[in-house]
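As structure tokens, the structure follows; a few thoughts come after it.
Taken together, the values in this text are just the output of simple stated rules run on the coordinates, not laboratory data. Quick caveat: nothing in here was measured; it's all calculated off a predicted structure. With ideal geometry, Cβ positions are generated from the backbone for all residues, glycine too; neighbour counts draw on all protein chains shown.
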Amino acid sequence: MAKNSDFNDFMDFTKKSLGLDEDTANRFAEDLSRNFGGDELYINNQIQRINRDKAIRSQYNGMNCDELSKQFSLSKRQIFNIVRS
């Protein structure tokens with residue numbers, strides 16, 4: 001029962017987040033089921049890190065490491081590693 005509830009919650013989130021109408025959401029659910037049905041999916045938060053790193057690189061000017069360190073709650077070494085990668 002929990003799995004159906006989780007799936008329904010996921011679909012409600014998807015419809016709301018992407019602004020999908022009921023028919024489009026149902027086609028998405030069918031495609032999702034056809035491609036991943038029976039699998040257990042793990043959704044990680046890597047996209048947050050990727051977007052954070054892009055923001056750091058775009059804001060970095062060579063002199064604002066302390067500011068970025070505070071803004072993103074990272075050490076200066078982490079900021080330098082992100083900028084150099």
Only one of Leu20, Leu32 that is in a helix (DSSP H, G or I) and surrounded by 13 or more Cβ atoms within 10 Å (Cβ to Cβ): Leu32
Taking the condition of being aliphatic (A, V, I, L, M) and assigned to a helix (DSSP H, G or I), how many residues in the range 35-74 meet it? 5
